[in-house]
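Notes to accompany the following structure.
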Amino acid sequence: MTTTSLEFLINAPEEVNPALFMCCKLQRLELAGELDSAIMKQMIKAIELAIAQGTDDVKAVEQTKERLFNSRSVAGAVPMGF
């Protein structure tokens with residue numbers, strides 16, 4: 001039995017976009033007074049990676065949305081009373 005697009009989405013794990021997660025981390029560090037140029041320089045690779053992964057996540061969501069909009073609807077059941 002094949003998995004439908006909707007079933008795949010329902011069963012997919014929930015994740016926070018890595019760029020958003022990094023943004024929150026940087027904000028927490030800033031509020032705690034622990035964010036300066038030296039820390040930012042140490043974190044630059046992790047920040048760039050989070051941005052790249054976040055961009056990939058957004059692209060994947062957009063592709064999935066397009067596939068769902070362009071897919072044919074298929075009735076899985078007939079509601080009671082019809």
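Pairs needed: first member in region 1-25, more than 24 Å from GLY76 (Cβ to Cβ) and of a type outside the set (Asp, Glu); second member anywhere, open to solvent by 90 Å² or more (accessible area, probe 1.4 Å) and at pLDDT 80 or above; C-beta distance under 6 Å; at least 6 residues apart or different chains.
Partner pairs satisfying both residue conditions: ALA19/ILE51.
Could you list, in sequence order, the residues of region 36-45 that are open to solvent by 50 Å² or more (accessible area, probe 1.4 Å) and within 21 Å of ASN17 (Cβ to Cβ)?
Answer for region 36-45, where residues must be open to solvent by 50 Å² or more (accessible area, probe 1.4 Å) and within 21 Å of ASN17 (Cβ to Cβ): MET40, ILE44, LYS45.
Give the residue, chosen from LEU29, LEU20, that is surrounded by 11 or more Cβ atoms within 10 Å (Cβ to Cβ) and under 20 Å from the mean Cα position of the chain (by Cα).
Unique residue meeting the criteria: LEU20.
Scan region 27-44 and give yes if some residue there is acidic (Asp, Glu), within 26 Å of ALA12 (Cβ to Cβ) and assigned to a helix (DSSP H, G or I), otherwise no. Working first, answer last.
Let us first name the residues in region 27-44 that are acidic (Asp, Glu), namely 30, 34, 36.
With the extra rule that they be within 26 Å of ALA12 (Cβ to Cβ), the set shrinks to none.
No, region 27-44 has no match at all.
Condition test on GLU15, is it in a helix (DSSP H, G or I), among the acidic types (Asp, Glu) and under 24 Å from VAL58 (Cβ atoms)?
no
With respect to the numbered conditions (1) part of a helix (DSSP H, G or I); (2) among the β-branched types (Val, Ile, Thr); (3) free of Cβ contacts under 8 Å to residues at least 12 places away in the same chain; (4) surrounded by 10 or more Cβ atoms within 10 Å (Cβ to Cβ), which one is the sole condition not fulfilled by THR64?
Result: THR64 fails condition (3) only.
The values are calculated or read from the model by the stated rules, or taken from the named source; none is laboratory data. Note that the coordinates shown come from a computational prediction; the quantities given were computed from them, not determined experimentally. All Cβ positions, glycine included, derive from the backbone under ideal geometry; neighbour counts span all protein chains shown. The protein model used for the area step is the full one, side chains on, heavy atoms only, and it has no ligands, DNA or RNA in it. Shrake-Rupley method; radii C 1.70, N 1.55, O 1.52, S 1.80 Å.
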